[in-house]
Each structure stands twice: as C-alpha cells, then as structure tokens.
Amino acid sequence: MTITAPSIPQRDTRITNPYHAVKNLTPLQHAIFWSGWLAWIADSYDFFCVSLTVLRLNDQFNQNTHSLTTAITLTLLLRPVGAAIFGILSDRYGRKWPLVSVLLIIAALQTGTGFVTTFREFLAVRSLFGIAMGGVWVSHYWLAIYARDSHRRFQGLASAASME
C-alpha cells in the first residue's frame, strides 16, 4: 500500500496587463471603484492636513506636540471600531447607503474640525473622525470587491489602489 501526498491545484499565475483588466470593466464597476477611491482620498487628505499642521495647532490649543500627536494616534486607533460598525451596517442594509452615510459624516466632521475651540472638543471630533475613517474604508472596499467579482485579474490592482 502506497501513500501519495495530496496535490495542490495550480493557480493561473500569469501577469495580466492592468490596462486590459481595467478596460474590461463595466461603467458601473468603474464608477464604484472611483467613487470609493475618491472617498478615501478625501478622508486621507483631511487626516494628513491635521498631521502637517501640528505646530499651528500647538499654538491654537496651547498644547505640546505630544498631546496633539496623541490625538492623531487616537484617530488611527479608532479605525477598526468604525470598520466593525459600518461593516455590520453594510451587511444589514447593503453596501451603498452605509458608504453614503459615512461620507456625509466625514463631511460634517471635516467641517466641524475647523470650528472647535478647545482641545477636548478637538479630541472628540478627531476620535469620531477615526471611526468614520474605518467606515469609509470598509464600505468602499467591499462595494468595490462585489462590483469587480467577475473580473478576477483586476482584484490585485484594485486592492492595491484601495489601500494606497
């Protein structure tokens, strides 16, 4: 009696030209991908604007740099909370409306950041912004994955672009 090791099925490992993969997408798939990508760009832009203005925020709030960078860290730490919340909402209500709602929340928080007067308010708004950041990523990422399910070769490129 001989024992043979199970064989692992071979995957298609050919590299596809990204141009051809993108060209085969439908207009709806393009719209979904680019709307999610632009949502993440807007989200990232606000995050990095705060990161680059730490010295000015020191003067405004009379805080040291360590306190302000802690606020930035708090924003990043709360992204998984937002991903969980909006992931559950996306499972329950579909992918589109949670993405629309989180984009409206992001717009309100981006505007609200400019109107805070105390450091405690700044921490509260940035914490909520961190939750919304997680919501933007999980909402647009899964919407994009469902939209391009029929185009397997595009998944790697789209995933990389989604992660920036």
Loop chymotrypsin sites (Phe, Trp or Tyr not before Pro), region 102-139 (other Cβ atoms within 10 Å of the site Cβ: 15 or fewer; DSSP): F115
Solvent exposure, largest accessible area first (probe 1.4 Å, DNA, RNA and ligands not counted), of H66, H140, H20: H66, H20, H140
Kirkwood Rh in Å, taken over region 25-131 so that all alpha-carbon pairs contribute: 15.0 Å
Nitroxide proxy distance, nm - points 7 Å out along Cα→Cβ at S7 and T26: 3.7 nm
Qualifying trypsin sites (Lys or Arg not before Pro) in region 1-74, DSSP loop, other Cβ atoms within 10 Å at most 14: R11, R14
Rounded to the nearest 10 Å², the accessible area of W34 at probe 1.4 Å: 120 Å²
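The values are calculated or read from the model by the stated rules, or taken from the named source; none is laboratory data. It should be emphasised that the depicted structure is a prediction, and the values quoted were computed from it without experimental measurement. Every residue, glycine as well, gets a Cβ built from its backbone with ideal geometry; the counts of neighbours run over all protein chains shown. Just the protein is used for accessible areas: all its heavy atoms, side chains included, with ligands, DNA and RNA removed. Shrake-Rupley method; radii C 1.70, N 1.55, O 1.52, S 1.80 Å.
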